Every structure is written in structure tokens, then in C-alpha cells.
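Worksheet: the structure to be examined is printed underneath.
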Amino acid sequence: MNSKKRQTVIIVGAGPVGLVTASLLVEQGIPVTLVEACEELPHDLRASTFHPPTLDMLERFGVVGEMIEQGLICPTWQFRDRKEGVVATFDLSFLESDTDHPYRLQCEQWRLGELLYARLKANPLATLRFNTRAVAARQSSLGVELDLKTETGNSETIDAGFLIGADGISSVVRKAMEVNFDGFTIPEIFLTISTTFDFRQAMPDIANIAYLSDPEQWFVLIRTARVWRALFPVDSTLTDEDVASPLRAQQLLQGVLPHQQHYEITHQTGYRVHERVASNYVQGRILIAGDAAHVNNPLGGMGLNGGIHDAFNLSGTLVEVIGGAPLDHLERYSRQRRQVALDVVQQTTLRNRAILDARDPHARRAYYDDLREIAADPVRHRNYMMRTSMIQSLRDAEKIA
């Protein structure tokens, strides 16, 4: 492999993490081949929350204004008790001195994908290959090879200087690295339902993002620009047909708020949720990011954001290596971002689930009292916003050598 080819990168996965990574690399003059198994850009509806520092990062692409036009600004969010109402409301305006975007933005992740894809298509350094499946990967001291299955069913091998896996929980790239992906699977299926019904009719004090705790059936309500999205845990022994049935969705929504008419449902999907972190994000010239490196429950909106933060850290570090830094400099990316996944993302999302799912009344009251005390204390309130918005994790990661 010649020296010019060693400065090229293959990325597997055209979700937000892969597209952000590709955009950052071509911006620095590095040729990228982006490989995606789907026939077109994925329109995944799971994630829709963008945190303040993520929006700050994305400003460099000139897409945040369009995301805001297509989305919904949410300056506050709540923990609520299903029967008692508001437990605590948290205000992101406490972060006005720390970010240009002191709010969460509700905007489906595929909308960011389309904006970045349009920019990449116009860049001659980006080669975009859809309907092409990554099969296996390997590396040498000089570069990497990726085996592909093309849209015509033919086999092909491409090579480059580096390979990045942004190909999700079943990552082919991570498997090629032969690293552990330790953790566990949450014992419920998470069912998300989108409805045009406006829950403010029944709960006028509800924030656009609300976590509703209940020992029998907790749930989450998130408002987007067009619909409300409800997330419920359901029995993992249910069949896929039962989870996906319109009757199941109606039963759950009627349980939230009895309604004389059927709820108009625009989308529903069920999926299993995992809490796992790879034992290393780097092996030689192969790297992983996003769900290929770490997965968590969605309670707090940290998966998508953490993956985008991975992309910025990874790209910056890789640019330095391509520019002449030693190869093992990439390990710093793994140390920094893996620590965030373990200490911040996993712990925060697990605590959110524990609050929502607490059965013991004394434990529930202790959680509620703590949340109220945090909300009432300006110093604690701001510190809590720093952590849950992921600003603090970015600052802490930079201190890891």
C-alpha cells in the first residue's frame, strides 16, 4: 500500500456517527469511503434528542439552524409521578454561560443524517456506497482490508489506511477487533409510539420532555415538532406481533389517559435494550464509535449524543495520527471516550431507569426528595444540568491522558 493510500479511511455505517465522522475527516482533506448496508440513508426513529454541547459541535457544519427549523427547542424537562404530577422541573437556562444552546433540541436523528449526507455528496473526497454490506475485516502494520458483499451479490475487497466501525450493536468491525462487549440486556422490551394527540390537553403543566415514574407502569413522553412520542417498557416474553400490534399501543396510551376516541398512531416500534461497553475502542488501525462501541437505555438521550461526541474525539485524534503522530496515539481516544461511557452514560441512564421503576415506596420518596432538593438549589441545579447535558463529561474526558 502506497503512502497516499495509507492516509485514507473506510467508515462502515451511515448513521449519524458515521456521517459526522466522515464529514469531519473530509473537512481535513482526508479521503473517506462510507459503506452502508441499507439501500438508502437509514431513517431510524429511535433517537431525537440533541444535547447542548452536541449542537455546539454541529455548528461547524452549518446545519444547526435547519435542525432547529425542523425540530423543537425544549428549555426544560421533568420528572413526574404518574399519579401525583410534577416532582421536579429542570431548567437548561442554567447553562447559558457554558453553551450557545442552553436547551435540548427534539429533532429526529435522520434529519441530521440527511443534512450531512447532502454535504458529503458534494465533496469529491467522499465515496458513498449504499446497499453494500461489510462482511469481514483485517489489518496489517500498513493498512486495513474490508470484505464487502455488493448490491449485485458479488464479493469485493477494499483497502485503506484505517477502518472505523460505526455499524451499530452487531458491528462487524468490532467483531473483527475481537474485543469484549460486556454488559447485560434489560429485561423489558422498549416500545415507542408516536401519536398526534396533544397530552397538554390533560396535563397542561407537562414539559416537552417528561419522565413519568410509577411502580406498575412507568413511561416517557417526548414532544417533537409534529407528534408526541411515548416510550413504554413491555413484557419481554411478548411476541413481536403482539408488541407491534395497534391494539397494544392503544391499550398503553389509554392507560396513560383514557380517551373516547382511538389515538391516532403514526409510528410504533419495539426493541430490546442493552447496557454494554466494548473493552477497547481501538485495535491498531481499526476503531469503533457510537453503538458499535457502547449501548445503553435511552432514558436521558445519551446514546446518540455520546456517539457524536465519539466521532469528534476520534476524528481529531485520527487526523493527528495521519499527520505524523504515532499510531498508539489513537489509544487516547479509547481511554477518554470509554471512561465517559462507563462513568457517565451508563450510570446516568441506569439511575434514570431506577427512579422510574422504583417499587419500594421509601426508595421512591428518597429519589423524589433528592430531585426536589437539586431543583431548588441553584448550585446543585446547574451542576446537575452540566452532567445530564453531557458538558461535564466532555470536560472531564479531556483531562484523561
Review point. For segment 88-99, how many residues are in contact with a strand residue (DSSP E or B) (Cβ under 9 Å, 6 or more places away or on another chain), in contact (Cβ under 8 Å) with a residue 60 or more places away in the chain and of a type in the set (S, T, N, Q)?
Key: 1
**Study point:** So residue 184, is it within 17 Å of the chain's Cα centre (by Cα) and assigned to a strand (DSSP E or B)
**Key:** no
Review point. When the residues of segment 323-363 are filtered to those that are out of contact with any strand residue (DSSP E or B) (no Cβ under 8 Å at 6 or more places or on another chain) and β-branched (Val, Ile, Thr), which remaining residue is modelled with the highest pLDDT?
Key: 340
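Here's the yes/no breakdown for (1) at positive phi; (2) assigned to a loop (DSSP other than H, G, I, E, B); (3) out of contact with any Leu (no Cβ under 9 Å at 6 or more places or on another chain):
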position: 280; (1), (2), (3): no, yes, yes
position: 298; (1), (2), (3): no, yes, no
position: 303; (1), (2), (3): no, no, yes
position: 308; (1), (2), (3): no, no, no
position: 337; (1), (2), (3): no, no, no
position: 340; (1), (2), (3): no, no, no
position: 370; (1), (2), (3): no, no, yes
position: 373; (1), (2), (3): no, no, yes
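Please determine whether any residue of segment 333-343 is aromatic (Phe, Trp, Tyr) and within 30 Å of residue 31 (Cα to Cα). Full working, then the answer.
Applying the first criterion (aromatic (Phe, Trp, Tyr)) to segment 333-343 yields 333.
Adding the requirement that they be within 30 Å of residue 31 (Cα to Cα) leaves 333.
There is at least one residue in segment 333-343 that is aromatic (Phe, Trp, Tyr) and within 30 Å of residue 31 (Cα to Cα).
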Exercise for review: Scan segment 169-187 for residues that are surrounded by 18 or more Cβ atoms within 10 Å (Cβ to Cβ) and out of contact with any helix residue (DSSP H, G or I) (no Cβ under 8 Å at 6 or more places or on another chain) and jot them down.
Suggested key: 172, 176, 177, 179
Review point. Would you say residue 216 is touching a Lys or Arg at 6+ places or on another chain (Cβ under 9 Å) and more than 28 Å from residue 292 (Cα to Cα)?
Key: yes
Review point. What is the residue count in segment 35-81 for residues that are surrounded by 19 or more Cβ atoms within 10 Å (Cβ to Cβ), of a type outside the set (Gly, Ala, Ser) and in contact with a Pro (Cβ under 9 Å, 6 or more places away or on another chain)?
Key: 3
Point to revise | Given (1) assigned to a helix (DSSP H, G or I); (2) closer than 26 Å to residue 166 by Cβ; (3) under 20 Å from the mean Cα position of the chain (by Cα), number of the condition residue 351 does not satisfy | key: (2)
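With respect to residue 205, is the statement that it is in a loop (DSSP other than H, G, I, E, B) and closer than 26 Å to residue 92 by Cβ true?
Numbers: in a loop (DSSP other than H, G, I, E, B): yes; closer than 26 Å to residue 92 by Cβ: yes.
Criteria met by residue 205.
Rundown of residues vs (1) surrounded by fewer than 21 Cβ atoms within 10 Å (Cβ to Cβ); (2) over 30 Å from residue 204 (Cβ atoms); (3) in contact (Cβ under 8 Å) with a residue 24 or more places away in the chain, yes/no style:
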{"site": "253", "(1), (2), (3)": "no, no, yes"}
{"site": "258", "(1), (2), (3)": "yes, no, no"}
{"site": "276", "(1), (2), (3)": "yes, yes, yes"}
{"site": "293", "(1), (2), (3)": "no, yes, yes"}
{"site": "300", "(1), (2), (3)": "no, no, yes"}
Study note, to complete from the structure: If we ask which residues in segment 110-156 are over 24 Å from the mean Cα position of the chain (by Cα) and of a type outside the set (A, V, I, L, M), their number turns out to be 18
Practice item. Write out, first by first residue and then by second, each pair whose Cβ atoms fall under 6 Å of each other, whose residues are 6+ apart or on separate chains, and whose first residue, in segment 103-131, is outside any loop (DSSP other than H, G, I, E, B) while the second is of a type in the set (Ser, Thr, Tyr). Key: 104/49; 106/48; 106/224; 116/23; 127/33
Check your understanding: Which strands (runs of 3 or more DSSP E) sit wholly inside segment 209-255 and have at least 3 residues that are in contact with a strand residue (DSSP E or B) (Cβ under 8 Å, 6 or more places away or on another chain) and over 21 Å from residue 73 (Cβ atoms)?
Key -> 228-235
**Study point:** Criterion (farther than 21 Å from residue 112 by Cβ and under 15 Å from the mean Cα position of the chain (by Cα)) met by exactly one of 336, 346
**Key:** 346
Review point. In segment 42-64, is there at least one residue being within 30 Å of residue 256 (Cα to Cα), in a loop (DSSP other than H, G, I, E, B) and at pLDDT 95 or above?
Key: yes
Check your understanding: Is it fair to say residue 327 is surrounded by fewer than 18 Cβ atoms within 10 Å (Cβ to Cβ), farther than 18 Å from residue 386 by Cβ and within 20 Å of the chain's Cα centre (by Cα)?
Key -> no
Review point. Can you spot a residue in segment 77-87 that is within 20 Å of residue 369 (Cβ to Cβ), among the basic types (Lys, Arg) and in contact with a strand residue (DSSP E or B) (Cβ under 6 Å, 6 or more places away or on another chain)?
Key: yes
Check your understanding: Restricting the search to segment 370-385, which residues are surrounded by fewer than 19 Cβ atoms within 10 Å (Cβ to Cβ) and aliphatic (A, V, I, L, M)?
Key -> 374, 376, 379
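The values are calculated or read from the model by the stated rules, or taken from the named source; none is laboratory data. Computed from a predicted model, the values in this text were never measured in an experiment. Virtual Cβ from ideal backbone geometry, glycine too; neighbours counted across all protein chains shown.
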